[in-house]
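The next block holds one structure in the form of structure tokens; read it before the comments.
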Amino acid sequence: GVGPSDASPDEGVVEDLPLIDEKAVEQLTEGLISHYLPDLQRSKSALQELTQNQVVLLETLEQEISKFEECNSILDIDALFSEAKHYHNKLVNIRNEMMMLHEKTSKLKVSGINI
């Protein structure tokens, strides 16, 4: 026989659900949207403004970085010029020493000493 334990647990549930009122669902949805939508729209515009500000900030940072890079290249050029001046002074000193040695050897040759 069919006893109480043979009955499906879902049996009778569908009949127990009230009929869904489409208009009520629509009104509840509109109410929910109208409640949250203004805040969401404000948040959206605030995020857009923040994003625009970030873009401006990034562009400004890039300009500042390029200024620093220019400064570094100027410092490099200054270092290069001072190094060139240092080596030029060394060359001048070597030339002067060579001229002095040439004069001494010329005087020695004139004196009759062969070198």
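So, in region 20-79, how many residues would count as being hydroxyl-bearing (Ser, Thr, Tyr) and open to solvent by 90 Å² or more (accessible area, probe 1.4 Å)?
1
When you scan region 32-64, how many residues do you find that are aromatic (Phe, Trp, Tyr) and within 30 Å of the chain's Cα centre (by Cα)?
Count: 0.
The values are calculated or read from the model by the stated rules, or taken from the named source; none is laboratory data. Since the model is a prediction, treat every value here as computed from it, not as a measurement. Side chains included, ligands, DNA and RNA excluded: accessible areas come from the protein's heavy atoms. Shrake-Rupley method; radii C 1.70, N 1.55, O 1.52, S 1.80 Å.
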